[in-house]
Amino acid sequence: MSTTSETAPTDILQRLEAALAANELVAQATLLSGAEPVGAKLLVFAGGEVVGSLGAAWLDELVRRDAAEMMGQLRGSVARSYEYEVPGEMGQRARVFIEVLPPPPRLVIFGGVHIALPLAAFAKILGFRVVVADPRSHFANRERFPEVDLILAEWPEEAAEQMALGPADYCVILTHDPKIDEPALKALLSQDVAYVGAIGSRATHAERFERMARQGVSAEALSRVYAPIGLDLKAETPEEIALAIMAEIVAVRRGGRGGFLKDRGARTEDGGR
């Protein structure tokens, strides 16, 4: 763990701005009360780096642990207040506000096929960065995908190596071609991504998973794959299938379960929306 304790407020702000510009996952902690100096800030990064200080090493360490836990359970932005007992001060507590500032979610599409076109469009509308990876340049090009953030005309293994995949990444495999689909699955299941979905029928997936199991991929790893992909919308057109896929990704990201809100009763956790 790297720590920078003597850091000026302007330096902390500049480091935070740089992290956000670089799409890094970071948590910002602010000392609210119960200790000095009130208003002090501490930045905690996913890789373990800590910048700044809340004024005491014991408090910095406790906050670092809680911030790391919050980042590990991340589903979008999250903020929470914590209270910590001050050592040697009976009944005195330090109150700290921790806010996780995640990078924008990223949708990685393996296979620039017809379904990928509306899927990329839906994802951009929803604020996702979008990457399209396909070794076939007639599928992976700017004419076909003018608005996506990155196009990689590479095989899945090479494409995955070029991206720092992590918990803000939602990955879909759309080609129906084992030469692309299965290497993509292997590459993704070795990474800590938020979502892996693959297109195909139940029979297709059963055959695919059987082949991959023979190649040494564990059943536990394969259980992470959302397959068949998407929510059950009875989708038929490419646009409807893309909508079903994107709806499932949003549900996974936000902790939803799908289904009709009217079937959950008159009062729901979101106030009946």
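The values are calculated or read from the model by the stated rules, or taken from the named source; none is laboratory data. No experiment lies behind these values; they were computed from the predicted model shown. Here Cβ is always computed from backbone atoms with ideal geometry, including for glycine, and neighbour counts include all displayed protein chains. We work out accessible area using only protein heavy atoms, side chains counted, and drop any ligands, DNA or RNA first. Shrake-Rupley method; radii C 1.70, N 1.55, O 1.52, S 1.80 Å.
Odds and ends about this structure:
- Heavy-atom accessible area ranking, 1.4 Å probe, most first, across Lys234, Lys41: Lys234, Lys41
- Relative contact order of the chain, taken over Cα pairs closer than 8 Å and 6 or more residues apart, is 13 percent.
- Whole-number percent relative contact order across segment 24-173, with pairs defined as alpha carbons under 8 Å at least 6 apart: 20 percent
- Rh by Kirkwood over Cα pairs, then Stokes-Einstein D for segment 1-132 at 0.692 mPa s and 37 °C, µm²/s: 201 µm²/s
- Projected-area mean, segment 181-273, by convex hull of Cα positions, square nanometres: 7.3 nm²
- Pairs of alpha carbons in segment 71-221 separated by more than 27 Å make up 35% of all such pairs.
- Within the chain: Cβ-based charge dipole about Cα centre, in debye rounded to nearest 20 (Lys, Arg +1; Asp, Glu -1): 780 debye
- Candidates Ile199, Ile98, Ile12, ranked by Gaussian network fluctuation over the chain, Cα under 10 Å, top entry: Ile12
- The charge dipole of segment 156-259, taken about the Cα centre with unit charges on the Cβ atoms of Lys, Arg (+1) and Asp, Glu (-1), comes to about 340 debye, rounded to the nearest 20.
- The residue list Ile12, Gly52, Leu25 was ranked by how far each Cα lies along the charge dipole of segment 1-128 toward its positive end, using unit charges on Cβ atoms, and Leu25 comes out on top.
- Rolling a 1.4 angstrom probe over segment 51-137 with all protein chains present gives an accessible area of which 52% lies on carbon and sulfur atoms.
- When the charge dipole of the chain is built from unit charges on Cβ atoms (+1 for Lys and Arg, -1 for Asp and Glu) and taken about the Cα centre, the candidate among Ala160, Met90, Ile173 whose Cα reaches farthest toward its positive end is Ile173.
- Computed magnitude of the charge dipole of segment 89-237 (debye, nearest 20; Cβ of K, R +1, Cβ of D, E -1): 240 debye
- Separation in nanometres of the label points that stand 7 Å from Cα toward Cβ, at Ala21 and His176: 4.5 nm
- The helix-based estimate of mean residue ellipticity at 222 nm for the chain, built from -39,500 (n - 2.57) per DSSP H run of four or more residues and divided by its residue count, is -10500 deg cm²/dmol to the nearest 500.
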